[in-house]
Amino acid sequence: MSTHTRPAGVVAQPSDPLADRPLLRRRLARRGVDLARAEGEGEDHRRARLETAVMALFRDRGGDDAFEVLHALSHTTLLRSITFGLRGTAVGVDPAEVLQDTFVNIYRYAAGFRDRHAGSFRAWARTIAHNVGRQHLGRRRHGSLQSLPESLQEPADSRANPALLAAGEEERAGLRKAWVLLLLQYAAAFRDLSARDRLALTLVEVDGLSYTEACERLGVGMSNMKMIMFRARKRIRARIEGAMVRGAEAAPPRRRAG
């Protein structure tokens, strides 16, 4: 029996996430993207090349299908990189949470992606993941310490039964759909901001700059910088909340059982 084990939280990637996406395949082909592995090309290089191509397509044209394929192509490799980067840093930082926040930022700031070479997406995504990981570590360092229980307790059985696993998977599928809808609303709200506000958010939330460094890039004072960030985040939140309220009002009423 093989002794090789997969890191916790890492699942096998599908062999070809583009197999059942004929429209996406045609769009990539029109851009001159060769979906097959070239002669002498390794599978990892092909996958990195496709990640970059799909990210560029998503940046230019948007679309949930492109983002879902991008996630399917890249999430395992990116999670492995995040897990490795967090080793020895702190207990309690979940690589899966860092991965999720990384993809949120990839979605938010797709316009800033530059496809200069085959590995552009991996380099860009790992930079975002590194900054997100630093933010998680910072919050963990400044968090409050939890007191130990006063009495000894039996260790809980963490193994889930099949029914709970099935229910959990169904819940995760629903959350993924809700997450994509939320990201669409965020992207629309972000596009409506002024160029200065978009740049401020990108510098702080994607590039990981401190407020002081962002002030220097924008040529504004600290108090003005804080106000820019506050107003930009407030406008995005108001836009998303408004869209959610309108969606709830437009939804048909649920039928009562029986």
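Values in this text are rule-based calculations from the coordinates and carry no lab data. From a predicted model like this one, the values you see are computed outputs, not experimental measurements. Ideal geometry is used to build each Cβ from the backbone, glycine not excepted, and the neighbour counts take in all protein chains shown.
To the nearest 0.05, what FRET efficiency results for residue 234 and residue 60 with a Förster distance of 35 Å applied to their C-beta separation?
Efficiency, from the Cβ-Cβ distance: 0.75.
What ranking, highest mean first, results for peptides 53-60, 22-29 when packing means the other Cβ atoms within 10 Å averaged over each residue?
53-60, 22-29
Rounded to the nearest whole Å³, what is the per residue volume of the convex hull around the Cα atoms of region 22-140?
103
Give the shape of region 25-86 as rounded, prolate or oblate, defined through the alpha-carbon gyration tensor: a ≥ b ≥ c are the square roots of its eigenvalues, a/c under 1.5 means rounded, and otherwise the shape is prolate if a/b is larger than b/c and oblate if not.
Cα axes put region 25-86 in the oblate bin.
Applying the Karplus parametrisation 6.51 cos²θ - 1.76 cosθ + 1.60 with θ = phi - 60° to the phi angles of region 211-224, what ³J(HN,Hα) value in whole Hz is obtained for each residue in order, glycine and proline being reported as x?
Going residue by residue, I get 4, 4, 5, 5, 4, 5, 5, 8, x, 10, x, 4, 5, 5 Hz, with x marking Gly and Pro.
Scan around residue 208 for amide H atoms under 5 Å from its own, H built in the peptide plane at 1.01 Å from N, and keep only partners 5 or more places away or cross-chain.
Counting only residues 5 or more places away or on other chains, the set is empty.
Quick one: 3J(HN,Hα) in Hz for region 75-83, Karplus 6.51/-1.76/1.60 with θ = phi - 60°, rounded, Gly and Pro as x.
5, 5, 4, 5, 5, 4, 5, 5, 4
May I ask you to order 228-236, 44-52, 93-101 by the average number of other C-beta atoms within 10 Å around their residues, highest value first?
So the order, starting with the most tightly packed, is 44-52, 93-101, 228-236.
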